[in-house]
Structures are given as C-alpha cells and as structure tokens.
Amino acid sequence: MLKSSRWFLGFCFVLLSLRPALATNGMEMTFVGARSGGMGGADLAVATDATAINTNPAGLTQTKNHRIDAGAALMIPTLHFQNAVNDKDGALQIFPMPVLAYAHSLEKVPISFGMGMFAQGGMGAKFSMEHPVIHPGEKLDYRSQIAYMKLSPALAYQPHKMISIGVSFNVGFAMMAMKMPYSVQPSLMEGEASMTMAGGNVGKTSYGALFGGMLGYDELTAIAELKDAIAYGFGGKFGVLLTPHEKVSIGLTYTMKSKLTFHGKARMDMQGQFDDAMPKMVDAFAAMPTNIGASQEEIQQGIEDFFASNGIDPSIGYSANYDAKIAFAWPRKVGLGLAVKPIDNLLIAVDIHWIHWSDSMKKFKMVMTDGDNENINRMIGSDKVVTILPLNWKDQFPIAVGVEYEFLEGVFGRMGYSYGENPVPSSTVFPVFPAIVEHHITLGGGYNYADFFEINVAYELAVPNTQKGASDHAVASEYDNSKSTLGEHTVSLLGSFTW
C-alpha cells in the first residue's frame, strides 16, 4: 500500500509538467474520463469509478476494494480569425489532458476515500497575424495559454443504502502565458511633459493628452508578453448521490470558487507605437504657431529638444520589463444529474450545470511593477502599470445527455450530446481567448473483464462555432467586426484496475 501511494504521488508531479488547454464549456472540460466522455459528460448520477473525485465524490461509495483509473485526453482545436487585415487559421496544436485517480472502499464500514490528479481545463491559441498599426506588414505573435490542474483527496460516506455523501478538497496549480498586441486608452500615460519648443513656451500637458489630443490616437498599443506566470489555489466540492430505486439515481454537486493569484514576468514593448507616432508628431509640431515656417530640420531638432528637455532618451528604446501579478479565479459550479436504467442493459443519464462565469471572468486585471525603462516610467508617471482587460462573460447552463448500452457481457457502446451557450459576449470575443463552442457530439465504447480490468475510449466533436465581434469592440479596435471561429476534436482513453 505504501509503495503504491508513493508511486501515485510521484506520477502526479510528472503530470504537473503537462499543459492542458482549450476546454469546451468556457474554460471547463466537458468531461473527465473516457466513460463520461462517451456519454457527453453526463456522469453526476453515474460516477462509478475513481474519477468521481472530480465529478461527484459521493460516487466513491460505488467503487469496490482498490481501484485505479489512469489515462488522458488529447484535444486538437481548430481556430480561425478574420478582421480588416487578417484571414488566418490558428496554428495546429495538440493538448494533453491527463487524469489519474485512486479509490479505496473499506470493507467493514461504509466509507470510501481516494485521491486524484485532474486536468481541469484552460484555454489556448496561437496565431501569426498583422496588426493595423504596430509594425504594419510584419507577422506578430498572438498566443495564449491558461492551464489548471488540481490534486484532490476525497472522502465519501454511505449512511444508508439509498444515500451517499462525499467531499473532495483540491490544491490547484495553474500556469499562464500570453503574447499579443495590447491596447489601452491614452489616458494611461499620466506623466507630465513640458511643451517648451523652438523658443516658444506653450505650457505643460500629459503624454496622454499629447497622444490622444495632438496626435489623434483613440488607443495606444504595445506588444505585451506574460511569461510563465504560476499560481496556486484551494477549493473543494461537495456531492450527494441518491438511489431511491435500484434503476434510478440522482446526483447533486456544489463546487467552490478557487481564487488564483498569478505571479510572473511581463514585458511591454511600445517601439512600434512610437514608430507610427513619429510622422504624426512631426506634422503636429509643424502646425504649432511657434513653428510656422520652420524647416524640416528645425522641426526634427525641436522634437529632439522636446524629448531631451523631458528626460526622454530615444537611444534606450520604448520597451520595459516588469514583475506581474494577475488576479484570477476558477468559477463556482452547481450540478444536478439523473440516471435511469429502463432495461437492464441500457443506461440513460442527464446532467445540468450552472457555471458562475459572470463572477470569475468579469475582467482580467494585471498589475505590473518595477518597470525598468525610464522612458516608459516618465510617460506613464510611474514604474507601475495597472491594466484591465474587460471580459464580461455570462453565466453558463450546460446540459449533457448520454446513453450507454451493453451489447454483450462487459462490452459497452456509448453516445452523447452536450450544449452550453457561448458565455463570451461579442464586445469582448478575440482570438487568444477562444471559448465560444456550444454543441458537442460524442461516441465511445468500453470493455470490462471480470470486474478486474476495464478500458474505455471516447471521441468528442465540438462543432465549430463562429462569433462576430462588436462594431465598437471593448478590447481593441482591431477586433471591430472581426470573426472568431473555434472547433475541437478530442480523443480519450482510460484504463482501470480493481483489486
């Protein structure tokens, strides 16, 4: 027993090195384990294997003796994005979604316990695209990855043959990385600039007023990169399993919200924005009353004098490195499931969930501190930058329906369907947060040998969904009237042993 526990924990740490992404109910996986996958994720009232730790921990009371379930899903997303300057497919990527769970039911008391390691979900995308302002004509990276895994011990108790209750706790580990052009309002630049030029004093202004007023920018764009930020969090799940009849079961679960605070390194590169701004600056300064009739060389010298008088040194560029902190959370959930066996070899299950995205995905806030570029610090007015990316996701009510039929003794076929309305509004949909699929179709099968060895396989098609961005997009103008498309193929394999 001791050796198997050490092996289990060691393998869990190996799983932490894998990076899952792109789950299909928002950021949530639609299923955990291939049996559930074949039935469209409908498992709250079924939960007969060790993956119940993650779905409905009360189901652990249905396991026998010692049981271990190990496997993985491979998720292959298909992405496309179109806007005024791009019509691009996303890069082909394959994401592993591992699962490892152990359960043990005691012989003399109605208590079961277990531990599992689960890839809970995430998001990710990678594009090579043009930006309408930053380095026009060049390909820029648009990529993201958010991955969340958790280690969960669980305990279940069956006070009556019709009632089981269970609880699981989790230690969550999450990773986040991003790189993309990121737009902010000019008002972010609160640093003060003296406008004394060419012998004329026109007072002081902020750099935000300079870019937003004199140069006419509605937004300023930097190439922002977040490097391998990590976070730890804690949470739990409570579950109930009722069996009022031998052919009917009901599952009810509540999952706590898990707060995650990411810490990492960030880089903000505004060189492209300044390259675009320089010709506008020349035109704007040439039109100033103090510079009427000045030559091009005099205007250029005046701009250099302006920068120098305000402590701006163009030779050190306009990119800065920061320490980054991001407040994030995995949402709370409530689930209700029903399973019936109208005949001995047929199982029908239905689940419905509520996922509280409107709380955890209202906004994406990143606080960057200790900026190391004095040019940027002077223009912003601080070595600290606080950026808020609006998300405004809606709550989601996914529903799953699954069927399992035993064709021969120990040989099972499965099929399922699940639907979850896209939680992402048109005002904040953009290509590196692709969480918009709605319809999922699944097929699967399994073989059980003498209640000792079991193997299950599943395939899920997340039907491609296209969403049009709003004409006045809240994230950046480059996404105005854009189109984002996401679909997915997922294959899953789970092997199980009972002894």
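The values are calculated or read from the model by the stated rules, or taken from the named source; none is laboratory data. Keep in mind that what you see is a predicted model, and the values were worked out from it rather than measured. Heads up, the Cβs are rebuilt from the backbone with ideal geometry, glycines too, and the neighbour counts pull from every protein chain shown. Quick note on the areas: whole protein, heavy atoms, side chains included, nothing else; ligands and nucleic acids left out. Shrake-Rupley method; radii C 1.70, N 1.55, O 1.52, S 1.80 Å.
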Of the residues in the stretch 14-44, how many are modelled with pLDDT of 85 or more and at positive phi?
3
Residues of the stretch 307-356 that turn out to be hydrophobic (A, V, I, L, M, F, W, C), over 20 Å from Lys247 (Cα atoms), open to solvent by less than 30 Å² (accessible area, probe 1.4 Å) and in contact (Cβ under 8 Å) with a residue 24 or more places away in the chain, as a count
8
Would you mind telling me which numbered condition in (1) crowded, with 16+ Cβ neighbours inside 10 Å; (2) charged (D, E, K, R); (3) touching a strand residue (DSSP E or B) at 6+ places or on another chain (Cβ under 8 Å) Arg378 fails?
(3)
For Phe274, indicate whether it is farther than 26 Å from Tyr182 by Cα, in a helix (DSSP H, G or I) and hydrophobic (A, V, I, L, M, F, W, C).
no
Consider the stretch 95-149. How many of its residues are open to solvent by 40 Å² or more (accessible area, probe 1.4 Å), assigned to a loop (DSSP other than H, G, I, E, B) and among the hydrophobic types (A, V, I, L, M, F, W, C)?
3
Cβ-Cβ below 7 Å, separation at least six or inter-chain, first residue in the stretch 394-421 and over 19 Å from His440 (Cβ atoms), second of a type in the set (Asp, Glu) and open to solvent by less than 20 Å² (accessible area, probe 1.4 Å): which pairs?
Phe412/Glu404
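For (1) assigned to a helix (DSSP H, G or I); (2) farther than 30 Å from Thr253 by Cβ; (3) acidic (Asp, Glu), each residue gets a yes or a no:
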{"residue": "Ala294", "(1), (2), (3)": "no, yes, no"}
{"residue": "Asp305", "(1), (2), (3)": "yes, yes, yes"}
{"residue": "Gly311", "(1), (2), (3)": "no, yes, no"}
{"residue": "Asn321", "(1), (2), (3)": "no, yes, no"}
{"residue": "Val334", "(1), (2), (3)": "no, no, no"}
{"residue": "Gly337", "(1), (2), (3)": "no, no, no"}
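Residues checked against (1) open to solvent by less than 70 Å² (accessible area, probe 1.4 Å); (2) at negative phi; (3) without any contact (Cβ under 8 Å) to a residue 40 or more places away in the chain:
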site: Met214; (1), (2), (3): no, yes, no
site: Phe234; (1), (2), (3): no, yes, no
site: Thr243; (1), (2), (3): yes, yes, no
site: Leu252; (1), (2), (3): no, yes, no
site: His263; (1), (2), (3): no, yes, no
site: Asp269; (1), (2), (3): yes, yes, no
site: Ala286; (1), (2), (3): yes, yes, yes
site: Ala294; (1), (2), (3): yes, yes, no
Residue check: is Pro77 open to solvent by less than 10 Å² (accessible area, probe 1.4 Å), touching a residue at least 40 places away in the same chain (Cβ under 8 Å) and more than 30 Å from Leu241 (Cα to Cα)?
yes
Note: among Asp383, Asp372, Asp359, just one is exposed (fewer than 15 other Cβ atoms within 10 Å of the Cβ) and assigned to a loop (DSSP other than H, G, I, E, B), namely Asp372
Scanning the stretch 252-294 residue by residue, those closer than 30 Å to Ser168 by Cα and in contact with a helix residue (DSSP H, G or I) (Cβ under 7 Å, 6 or more places away or on another chain) turn out to be Lys257
With Ala119, Ala47, Ala91, Ala84 as the choices, which residue is at pLDDT 90 or above and in contact with a helix residue (DSSP H, G or I) (Cβ under 9 Å, 6 or more places away or on another chain)?
Ala84
